[in-house]
Every structure is written in C-alpha cells, then in structure tokens.
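This report concerns only the one structure given below.
The values are calculated or read from the model by the stated rules, or taken from the named source; none is laboratory data. Please read these numbers as outputs of a predicted model, since none were measured by experiment. Counting neighbours? That spans all protein chains shown, and the Cβs are built from the backbone with ideal geometry, glycine included.
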Amino acid sequence: MTISPRGRRIRIRPALVLDEAHVEWRFVRAAGPGGQNVNKVASAAQLRYDARTHLPADVFARLRRIAGGRLSAEGVLVLTARSERTQSRNRREALDRLEGLLRRAAEPPTPRTATRPTHASQQQRLDTKRKRGQAKSRRRRPTSLEE
C-alpha cells in the first residue's frame, strides 16, 4: 500500500486518489481469534466508503459489478475485517481490501478484438449439424411409398 507521509491519501492510479478522510470506521466485537479479550474488545473493523460520490462514473460502474453484495443500494461500500486479533491490524486489512477493489475497478477492460471463425471450424460445425440431423431423421416414422 502506498500511503503518503501524512497517512491520509492512497494513490489508486494517477488520476484517482483515495482520501482516508472519506472512509468511515466502526469497530464491533468479533468472534474468532482474541482469547479472553474476544468478549471485551471491539476488534473487528467495519469500513464504510461512499463510492458513488467519490469515484468517477466508469470506475463506480465497474466497482458495482466487482463488489456485489458489499455495495449498498445507496452506493456505500461496506468491508468488514475480523481475522486479526487487534483493531489496528483489522483496520489495515480492511484498507488493503478497499485499495485492491478500487485498483481492480480503476482498470478499464481491454477491448475485445473481433476475429472470424476459421474455415476448418466452420466446416466442423456444419458436419456436426448434418450428422445430428441424420441421427434425428433416423428416429422418425418411416414414410409410406404409396403417398
């Protein structure tokens, strides 16, 4: 993760910088590692980031597809980290996940290069269709010769 000396801004790409001031934190109790502290300390970190207002429209559209259920209808991305024992490590893990999601969403998809099917593949397709049709015609009731 690339954080400036102030620890406030994360560069996703040259034109897209995540300001940590836009991230809202909530800390809750979590099951899992923590020993006796698990019932006393709120070590799970829940990150909330309003993606709709802070991201360009194309990046937000890709993030919606990538994030799935982690993105609310209002455009708020919610990530919960609870695998570590300490709040600071869970906070770091949630920020790393946010950065990873934003990096994936910031990459424009590579355009599809139009190609044509080869002659051999076209022939194979037609042969398969012909054989399939013959197999089906053999299942039909034989026609009478008088007609």
Query raised in the report: Would a scan of region 99-113 turn up a residue that is touching an Asp or Glu at 6+ places or on another chain (Cβ under 7 Å) and either modelled with pLDDT under 90 or among the aliphatic types (A, V, I, L, M) (or both)?
Result: no
Query raised in the report: Within region 45-59, can you find the residues that are in contact (Cβ under 8 Å) with a residue 12 or more places away in the chain, out of contact with any Ser or Thr (no Cβ under 6 Å at 6 or more places or on another chain) and either among the small types (Gly, Ala, Ser) or buried (at least 19 other Cβ atoms within 10 Å of the Cβ) (or both)?
Result: Ala45, Leu47, Tyr49, Ala51, Leu55, Val59
